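Novice: Can you keep this structure in mind? I'll have questions shortly.
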Amino acid sequence: MGGDRVCAMPVVTIKLFEGRTREQKDEIAKQVTQTLVDVAGASEDHCWVVFEDMKKSDFAIAGQLQDEV
């Protein structure tokens, strides 16, 4: 992250199962950023989008690991 960006807000964290392409993440980041600009009045330069790729074996719903589904 850039050294001159000390306190950028908002920060949006998106957790997804592994497998999305760079192009998909790029489009998601653009659309999330634009929504924050349009709806929340945020400055585009201050919008951060962070992706966290998750293995299905590291995520459970109703007690069932998602690699078992």
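Novice: Pairing the Cα long axis of helix 22-40 with the longest principal axis of the chain, what angle in degrees results, from 0 to 90 and rounded to the nearest 10?
Specialist: 50
Novice: Given a Förster radius of 30 Å and the C-beta distance between Trp48 and Thr21 as r, what FRET efficiency does 1/(1 + (r/R0)^6) yield to the nearest 0.05?
Specialist: E between Trp48 and Thr21, to the nearest 0.05, is 0.90.
Novice: Let me know the charge dipole size of the chain about its Cα centre in debye, to the nearest 20, where only the beta-carbon of Lys, Arg (+1) and Asp, Glu (-1) is charged.
Specialist: 60
Novice: What number comes out for the charge environment of Arg22, summing +1 per Lys or Arg and -1 per Asp or Glu over other residues with Cβ under 14 Å away?
Specialist: Taking every other residue near Arg22 into account, the sum is -2.
Novice: Rounded to the nearest percent, how much of the accessible area of the chain (1.4 Å probe, protein heavy atoms only) is carbon and sulfur?
Specialist: Whole-percent figure for carbon plus sulfur exposure: 50.
Novice: Also, I was wondering about something else. When ligands, DNA and RNA are left out and all protein chains stay put, how many square angstrom of accessible area per residue does the chain have with a 1.4 Å probe?
Specialist: 78
Novice: Let me ask something else. Defining a contact as two alpha carbons under 8 Å apart and six or more residues distant in sequence, what relative contact order in percent does the chain show?
Specialist: This gives 40 percent for the chain.
The values are calculated or read from the model by the stated rules, or taken from the named source; none is laboratory data. Remember, predicted model here, so these are calculated numbers, not experimental data. Every residue, glycine among them, receives a Cβ derived from its backbone with ideal geometry; neighbour counts consider all protein chains shown. Calculation scope for accessible area: heavy atoms of the full protein, side chains included, ligands and nucleic acids excluded. Shrake-Rupley method; radii C 1.70, N 1.55, O 1.52, S 1.80 Å.
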